[in-house]
Every structure is written in structure tokens, then in C-alpha cells.
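Trainee: The following block contains the structure, expressed as C-alpha cells.
Readers should treat all values here as calculations from the given coordinates under stated rules, not as data from a laboratory. Because the structure is a prediction, the values reported are computed rather than measured. Ideal geometry is used to build each Cβ from the backbone, glycine not excepted, and the neighbour counts take in all protein chains shown.
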Amino acid sequence: MAGMIPLSIPNFEGNEKKYVDDALKQGWVSTGGTYVTRLEQELAKFLHVEGMAACQSGTAALHLSMIEAGVRPGDAVLVPPITFIAAVNPVKYQFASPIFIDCDDGFCMDPIKLRAFCEQECEFKDGALSYHGKRVRAVVVVHVFGNMANMDGIMEVAREFNLKVIEDATEALGTHYTEGRFAGKYAGTIGDFGAFSFNGNKIITTGGGGAVAARDPQAMEHIRYLSTQAKNDPHYYIHNEVGYNYRMTNLQAALGVAQMEELEEFIARKNRNYELYRFLFKGFDLVEMMPFREGTASNRWFYSLKLDRDRIRNSMREIITALEKKNIETRAIWGLINEQEPYRDETAYRMEKAPYYARRILNLPCSTQITEDEIRCVAGEIKSLLKELAQ
Ligand SMILES: *Cc1c(COP(=O)(O)O)cnc(C)c1O
């Protein structure tokens, strides 16, 4: 196989060039211009919501959600330990404290532990949950690798303890429930806020970019206002609040509109490629392809291979480096956020599954343009490497 098989690269097979050229020709390169509103409309239509606010990044989308959820200095926010760190940093931007709640077997927040923490470690009085004097204001739920979190369980706990729910759907555009109470509902549209990302490695990209959906139309409007420097007057510079320069540019949005035209096809390919990997690793007892949640249709953005750590004792670095020499790019799941330097002193509640999976998960090449031959090559090389290393 010639050349490196990359982990995840963007795919520009559609109208990307045409729309970006058009935006350039129009001269609308900044936050004004028709592509921004068009992308918002396309996203809203796809997700079956009233409206969306396009932002500079998923991180900005999460920060705006955090502000709108009313998270203030001195508050606490319940967050996941095993995900990309940008899901948690906005808590610190608001000078609040994260509290880490362990994941379930889908890598997403475990509603049982969430409930146990709220019931056993916190005080609930007059509709307010508090932890050692800190008001617990919100919960950040990440749909890790495009896998839907257990929203049934999480929404129940959140409603009971009056917590705002911020869904980090940055990896999960297109993931939706097919069964149960939320059948037909998309990741990012179930809680109070949903944040999406269009960074280079996400299922669609605008280079850098993101979007927010808010359940409450007024909150949606206020988020848009905050994202555009909080302007209160079209002619005079009047600002009644501290705003942010978080709105997406027209150039980014032009790329995004083209990518939205391909989203269904990208999801179909992600699904097909996942099934092929699963077929190829079937019966190979040193690994397990991790499944996606039942009762949902996932965008299957990233694929996770769980290694048998009783028999494969080598470090992830050794495994990743050995595969790199075979021209295959893989990666380890993230390091636990509660163990990272800025978060070491924060509360972490009953960490069991997050550290378990942190040691075991290897992510496989999953670009939408990967070929069947390449997938067979990846699976073959991984099998022969692991057979060599197994004890
Ligand atoms: C990508 C990602 C983000 C951040 O999105 P950006 O657009 O890169 O700012 C946040 N959370 C998770 C889980 C992500 O994967």
C-alpha cells in the first residue's frame, strides 16, 4: 500500500471550491454574508430545530452555551473525564469548577453515577443543587465519537435536580434516536443547549467552526447577540452587555454549505466502513470493535478498537509507533482530563470505567475516502502486530 493511511482527513468532493469562490467574488469574507445564514438554515432543517447560531469553533459554541446556562464564577458543572479537553475548558472560562463523573461502556456520562453523585454527595434545597457550598448549575454531556449518550437517564436526573443540560455534540452531527422516548431526536437537540464543531477532523468541516442550538428561542437569540459583540443598535455603537467575537465567517460557512450537501453520504460511508472493520476483526480474540448505542443511528464518526490488556501489555505509544512504520495512522483515546495539569485538584467521582478504557482504546483510520483495500490492509496489519505482541 503506497503512502500513509491517515486517521481522519477532510473530504472535499463537492461544491466546496465553487461556493468559497462565490463568497470571495461577492466580497463577503467576514461575519456578514448569505452563506452564514444559509448554513444555519441547512443545519436547523437537518436537525429538526427552529434555528442555529453559527460560531467560530465548537469551543466557542460550548462557551456561549455555558454563559447562557447561567454558569457563574464559583459555580460547579458536572463534566466527563474521557473526551477532548475543549468540552471542559469553558467551565474554567466562567471561573467555575468542573466535577468529573465517570463514563459508561459507551464512553459517555453514566446516568447512574450522575444520579448517585447528586443524591449522595450534594444537597438539594429550594430547587438548587449544591456541592460543598457551590451551586451545581449544569451538566456537560459529550456524545463521544458520535455515540449517543444515554439521554433518557441523563435528562431524568437533570430535570429532577434542576440542572441545565449542555450537549457537546461536536462529534455527533447526524446521530439520532430511532427508538424510545426520544425517537427521531438528534444529538444536540435534546438538552437545553447543543454545541457542534466543524473542525478539520469532524464529520463535516468549515476549516474551523461550530454552531449552537438552544431549546429556548429567546436563549437562541441571546446567544446570537453575544456572539456578535452584543450590539444593541444597528447604527450607533451601543452595547448593553459584554459580547464576544464568536460568529462564523462567510468563507467558513461557504465551505460548510457544500459539506452539508455531502453529510448523508459521509455518514453512509462511515457506517459502511465501520461494518467492514467489524467483519474483519470478528473472531480475532485480542480485540473487540466497540459498538454504538442500541436504539440509535450513529454517525459513527470514530471507530474504537478495545485491546485485550491481559495479553497485550505494550504501551499505546509502542503500538501506535509500530503501526506508523507500516504507514497506518492510529491514535490512543484521550488522556483523562481530571489527570491533566489544570484539573488535577478538581473533584473526580468514582472513576472506574474512564481509566479502564483510557488504557485500552485504539482509534482506527476512518476518513470518508478510505478504500476497502486500505481497511483490509489496516485490519491485517493490526492483527499480525498484535499476534506478535500477545503473551
Ligand atoms: C472537537 C471537539 C470540541 C471542540 O471543537 P472545536 O471546533 O475544535 O473548538 C469540543 N469537544 C469535543 C468532544 C470535540 O471532539
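Trainee: Under a plain spin-label model, where a point goes 7 Å from the Cα along Cα-to-Cβ, how far apart in nm are Phe12 and Gln229?
Mentor: 2.9
Trainee: Then there is this: Mind telling me which of Lys326, Lys282, Lys125 comes out most flexible in a GNM of the chain, alpha-carbon contacts under 10 Å?
Mentor: Looking only at Lys326, Lys282, Lys125, the biggest GNM fluctuation is shown by Lys125.
Trainee: Follow-up question, since we're still on this one. Ranked from highest to lowest mean number of other Cβ atoms within 10 Å per residue, what is the order of the peptides 227-233, 193-199, 362-368?
Mentor: My ranking of the peptides, most packed first, is 193-199, 362-368, 227-233.
Trainee: Using alpha-carbon pairs under 8 Å, 6+ residues apart, how would you state the relative contact order of the chain in percent?
Mentor: After rounding, I find 23 percent.
Trainee: DSSP loop (so not H, G, I, E, B), at most 16 other Cβ within 10 Å: list which chymotrypsin sites (Phe, Trp or Tyr not before Pro) in segment 280-322 pass both filters.
Mentor: Phe284
Trainee: Placing unit charges on C-beta atoms (Lys and Arg positive, Asp and Glu negative, everything else neutral), compute the dipole magnitude of segment 263-389 about its Cα centre in debye, rounded to 20.
Mentor: Dipole magnitude for segment 263-389 comes out near 300 debye.
Trainee: Next question, about the same structure. Could you give the nm distance between label points at Glu339 and Tyr236, where each point is 7 Å from its Cα heading toward the beta carbon?
Mentor: Going from the Glu339 label point to the Tyr236 one covers 5.7 nm.
Trainee: May I ask you to list the GluC sites (Glu not before Pro) in segment 166-200 that are in a DSSP loop and have at most 11 other Cβ atoms within 10 Å of their Cβ?
Mentor: Glu179
Trainee: For Lys125, give me every one of the lysines with a C-alpha distance below 21 angstrom, ignoring sequence neighbours fewer than eight places off in its own chain.
Mentor: Candidates past the 8-residue exclusion: Lys113, Lys134, Lys164.
Trainee: How big, on average over all directions, is the shadow cast by the Cα convex hull of segment 160-239, in nm²?
Mentor: Result: a mean projected hull area of 7.5 nm².
Trainee: Out of the GluC sites (Glu not before Pro) in segment 194-296, which ones are loop residues according to DSSP with at most 16 other C-beta atoms within 10 Å?
Mentor: Answer by residue number: Glu241, Glu294.
Trainee: Follow-up question, since we're still on this one. Convert 10 °C to kelvin, take the viscosity as 1.306 mPa s, use the Kirkwood radius over C-alpha pairs of segment 263-389 as Rh, and evaluate the Stokes-Einstein diffusion coefficient in µm²/s, rounded to a whole number.
Mentor: 100
Trainee: Between Ala116 and His132, what length comes free when the chain is fully extended (0.36 nm per residue of separation minus the Cα-Cα distance, one decimal in nm)?
Mentor: The Ala116-His132 span can extend by a further 4.2 nm.
Trainee: The chain: Rg/Rh from Cα coordinates, Kirkwood Rh?
Mentor: 0.98
Trainee: Based on the Cα gyration tensor of segment 237-313, what are the three equivalent ellipsoid semi-axes, each the root of five times an eigenvalue, rounded to whole Å and given largest first?
Mentor: After scaling each eigenvalue by five and taking roots: 41, 19, 11 Å.
Trainee: How high is the relative contact order of segment 263-389? Use alpha-carbon pairs under 8 Å, at least six apart in sequence, and give a whole percent.
Mentor: So the answer I get is 33 percent.
Trainee: Applying 1/(1 + (r/R0)^6) with R0 = 51 Å to the Cβ-Cβ distance of Lys383 and Lys125, what FRET efficiency is obtained, to the nearest 0.05?
Mentor: 0.35
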